[in-house]
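> This is the structure, below, for whatever I ask next.
The values are calculated or read from the model by the stated rules, or taken from the named source; none is laboratory data. The structure presented is a predicted model; accordingly, all values stated were derived computationally and were not measured. Neighbour counts are summed over all protein chains in view; Cβ atoms, including those assigned to glycine, are modelled from backbone coordinates with ideal geometry.
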Amino acid sequence: MKDEHRLTYKEMGRLTHYSHASWERWLNGKRMVTHEALTSLLAVTGGGEELLRLYEVAVGPRDVHATRAPQAASETVRPEPVTPGPEAAASISIAQLPPNTAGFAGRERQLQVLTETLTEATSPGGHLRIVVITGGGGLGKTALALQAAHRLADRFPDGRFFADLGGTDLDPREPHQVLSGWLRALGQEVDPRDDLDELSGRWRTCLHGRRALVLLDNAKDARQVLPLLPGEQACAVLVTSRGWLAGVPGARHLALGPLEDAEALDLLAARIGASRLAQDPDAAAQLARLCGGIPLALHIAGARLTARPSWPVAALSARLRDEGRRLDELKVADLAIRSVFQLSYTSLPKLEENESVDPRHAFRLLGLTPKEVSLSAAAALLGQHEDSTEAALELLVDSHLVESPVPGRYRLHDLLRLYAREQAEQQETEADRRAAVRRMAAWYLAGLATADRLLHPNTRRPDLPQADPHHPPVVLDDTAAALAWCDQERPALVDAARLAAEHTAHDVAWLLAVFAGTSFRQRGWYTESLTMNTIGLDAARLLGDRSAEASMRNGRSTLMILAGRFEEAGEHLTAALGIRRELGDAIGELAALGNIGTLYAEQGKWEDSKTHQLQALAMSRVLGRRSIEANALNNLGTCADALGDYAEALDHLHAALTLYREEGDRDGEAVALINMAEAHLHHQRPAESLPLLAEALPITREAGDRHAEATVLADLGRIKAAQQLTDEARLLLRQAHDLWEELGHHRDAAAVRAEIGALEPAPA
């Protein structure tokens, strides 16, 4: 028949769903062709019944086994085993799904996606409908798959097949074993000697014309899955795996992440009861956050609380707040979040000969990084080239141990970071951990210094340690790029300072605080700035570096002034001034004098402020520090304005503006323009003020000085209000109000809000 129809083995396999290798063995006499295979071939080639009758004469009706030897007369005669055909299998209904998971909550969006995909009337391209649910350990892949399968059970009346493929076990199940079990469930005889291709073909034949759902749980790779796929388009397949299974053609992938906050609370409520959560909703929300939205962690927390009915939710939440014991607390009976992470970690491939970065080593060191790092920062951490670092990190992403929110950036889930840090402490020497953190923190410092030079070119900064030529800092072309980089790396810069201090890189820790100080304050990042300053001050003291301590105290005084904590600001400035004089640092003394003058100005002590600014002015001219001279003139201008000397104020401010422009200090230029504009406003001259403010606004935005920007917007709004341009005034004042609120300057925001309320109402 093969020759008659001019069929190749490959074409015979395609037509019958049996492999070309099986047909080659059968037709070459290596094994007896099965009844099902021959029937399938006759159906597609139009063969007659004569060939089938001859086959049955040769081997017995529907008998795939060799003829048995004659039995003795005294033996009881038993009928020969008969392998039922596909028509017999069609009468058997299979319902193998395990019981639905108790306490399931959330994932409604994902359930909707699964429902639509697995039950759509026509699959894309007429192919089998397959969905692979993928994600890291503990994210509830199996629970979601079972929930979906049970919801859809009535859509697949001809069978619901299930197999746990043991993908995370040391000895995963083989497809041959799974197929053998399914075929027996369908009433088929299975010979252990039957090859995989033959069993797979028989499986597809049995499901021909049927609507069945196949759930393959915990698949290791595509090799396990492919032989188990039905050939019938009316069937659907749901697979769970920690891997992406890119080798499964036509599969749609549904990647699971942590639960949303509301979903996490719903899951906790399903475990311990909504009334118990309602007794302390804040503690419940904190517990959900500390579990990181990982369903397994939430189940464990719920189980622990269920076993301890007298415990308030806050008791367990307090225990989880301690990072050092959090993974220990997330354990109950034989469930432990650490064990789930261990499976993924130990499954990582070992370092190949042609690779330079061990993915396990990379994962461990990522436990010593900020929550999100760039590829360049990670390469510095590992001390490797970016290409080899990226290869290792992308493998970790594929293994669901690391997330990549955007190309070139990587982050660890909070609980995974704790596990990675544990592994680093156990398997990396202390010296290696310190060296890795120093390399990474130094890379952040070099980038921050690059940004600072663009944003504040005239500000005196301390010397930097020698740069690492193998991990150069980020390239920033202009102030816009510098601001964007600082915006993106803000959390990482704070964490880098903390990590540097924790790993004894104190010299890097205080320098990070110095170079972040001005930009962070101008951007309104006061909390982060204060955190870094505290780290830097402690680091300077540990180093015994008096100059560094003076720098940290000087920066801290500015933060205290902004917060209205004038007494503390004075203490730090007095200490900084004393250290500068002790060290003979005249330029540092000059800076401290200027800040003391600013403190007096904020307190309304204008004469005292003027005295200190005059001292600063004289010293700056002796030392040739033109940028500080400009600052002193600018501050003297505000003093004169407050003291009612309009002409003197303008003289000082014009002189300051000229110096700022000569020095290329755009930030100082904007401040001088604003102070001149306000002097005009104080003397009822809005016409002179308006062009100065219009000139200052784009400069404040270019420099990223949001405090100054809010001041300009508010002043412009007041001028427009005085000109009866109500709509323009309202828009400008609202922008100023929103900026003040965002910066945390609620008193200024309230004042602007009152001015908005006093405007004529907007037209309906």
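> Kindly provide the set of residues from region 305-315 that are assigned to a helix (DSSP H, G or I) and either without any contact (Cβ under 8 Å) to a residue 12 or more places away in the chain or surrounded by 20 or more Cβ atoms within 10 Å (Cβ to Cβ) (or both), ordered by number.
LEU305, VAL313, ALA315
> For residues that are assigned to a helix (DSSP H, G or I) and basic (Lys, Arg), scanning just region 610-633, find the one that is nearest to LEU659 (Cα to Cα).
As a first pass, look at region 610-633 and keep what is assigned to a helix (DSSP H, G or I): 610-623, 626-633.
Checking which are basic (Lys, Arg) leaves us with 610, 621, 626.
Values: LYS610: 19, ARG621: 12, ARG626: 7 Å.
The extreme case among them is ARG626.
> Checking GLN684 against (1) free of Cβ contacts under 8 Å to residues at least 24 places away in the same chain; (2) among the polar types (S, T, N, Q); (3) touching a helix residue (DSSP H, G or I) at 6+ places or on another chain (Cβ under 7 Å), only one condition comes out false. Which one?
Single failed check for GLN684: (3).
> Just name the residue that is farthest from GLU648 (Cα to Cα) out of those in region 615-625 that are surrounded by 16 or more Cβ atoms within 10 Å (Cβ to Cβ) and either touching a His at 6+ places or on another chain (Cβ under 9 Å) or not polar (S, T, N, Q) (or both).
It comes out as ARG625.
> Among the listed residues VAL437, VAL397, VAL373, which satisfies the condition of being touching a residue at least 12 places away in the same chain (Cβ under 8 Å) and not in a helix (DSSP H, G or I)?
On inspection, the qualifying residue turns out to be VAL373.
> Can I ask one more? Determine whether region 197-204 contains at least one residue that is modelled with pLDDT under 95, surrounded by 24 or more Cβ atoms within 10 Å (Cβ to Cβ) and not in a helix (DSSP H, G or I).
No - not one qualifying residue is present in region 197-204.
> Just checking, how many residues over region 736-764 are of a type outside the set (Gly, Ala, Ser), under 16 Å from ALA710 (Cβ atoms) and touching a residue at least 24 places away in the same chain (Cβ under 8 Å)? Give the derivation first.
Of region 736-764, the ones of a type outside the set (Gly, Ala, Ser) are 737-743, 745-748, 752-753, 755-756, 759-761, 763.
Now narrow it down to the ones that are under 16 Å from ALA710 (Cβ atoms): 737-743, 745-748, 752-753, 755-756.
Applying the additional criterion that residues be touching a residue at least 24 places away in the same chain (Cβ under 8 Å) yields 739-740, 742-743, 745, 748, 752, 755-756.
Number of matching residues: 9.
> Out of ASP468, ASP477, ASP452, I need the residue that is in contact (Cβ under 8 Å) with a residue 24 or more places away in the chain, surrounded by fewer than 21 Cβ atoms within 10 Å (Cβ to Cβ), closer than 28 Å to ILE699 by Cβ and not aliphatic (A, V, I, L, M). Which one?
ASP452
Yes/no matrix, rows are residues, columns are (1) under 20 Å from ALA482 (Cβ atoms); (2) acidic (Asp, Glu):
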position: SER689; (1), (2): no, no
position: ALA694; (1), (2): no, no
position: ASP705; (1), (2): yes, yes
position: ASP715; (1), (2): no, yes
position: ALA722; (1), (2): no, no
position: LEU725; (1), (2): no, no
position: LEU732; (1), (2): no, no
position: GLN735; (1), (2): no, no
position: GLU742; (1), (2): no, yes
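> Let me ask something additional. Would you be able to say whether some residue in region 111-123 is of a type in the set (S, T, N, Q) and within 23 Å of LEU395 (Cα to Cα)?
Scanning region 111-123 turns up no residue that is of a type in the set (S, T, N, Q) and within 23 Å of LEU395 (Cα to Cα).
> Let me ask another. Looking at (1) at pLDDT 95 or above; (2) buried (at least 23 other Cβ atoms within 10 Å of the Cβ), which is the only condition LEU593 fails?
(1)
> Residues of region 591-624 being of a type in the set (Asp, Glu) and over 15 Å from THR574 (Cβ atoms), which ones?
Result: GLU602, GLU607.
> Within region 327-368, can you find the residues that are closer than 16 Å to GLU394 by Cβ, of a type outside the set (S, T, N, Q) and part of a loop (DSSP other than H, G, I, E, B)?
Hits for region 327-368 are LEU348, PRO349, LEU351, GLU352, GLU355, VAL357, ASP358.
> Could I ask something else about it? Looking only at residues that are free of Cβ contacts under 8 Å to residues at least 24 places away in the same chain and part of a helix (DSSP H, G or I) in region 578-595, which one is nearest to the chain's Cα centre (by Cα)? Explain how you work it out, then say what you get.
First, pick out the residues of region 578-595 that are free of Cβ contacts under 8 Å to residues at least 24 places away in the same chain: 578, 581, 584.
Keeping just the survivors that are part of a helix (DSSP H, G or I) gives 578, 581.
Values: GLY578: 46, ARG581: 48 Å.
Residue satisfying both the conditions and the ranking: GLY578.
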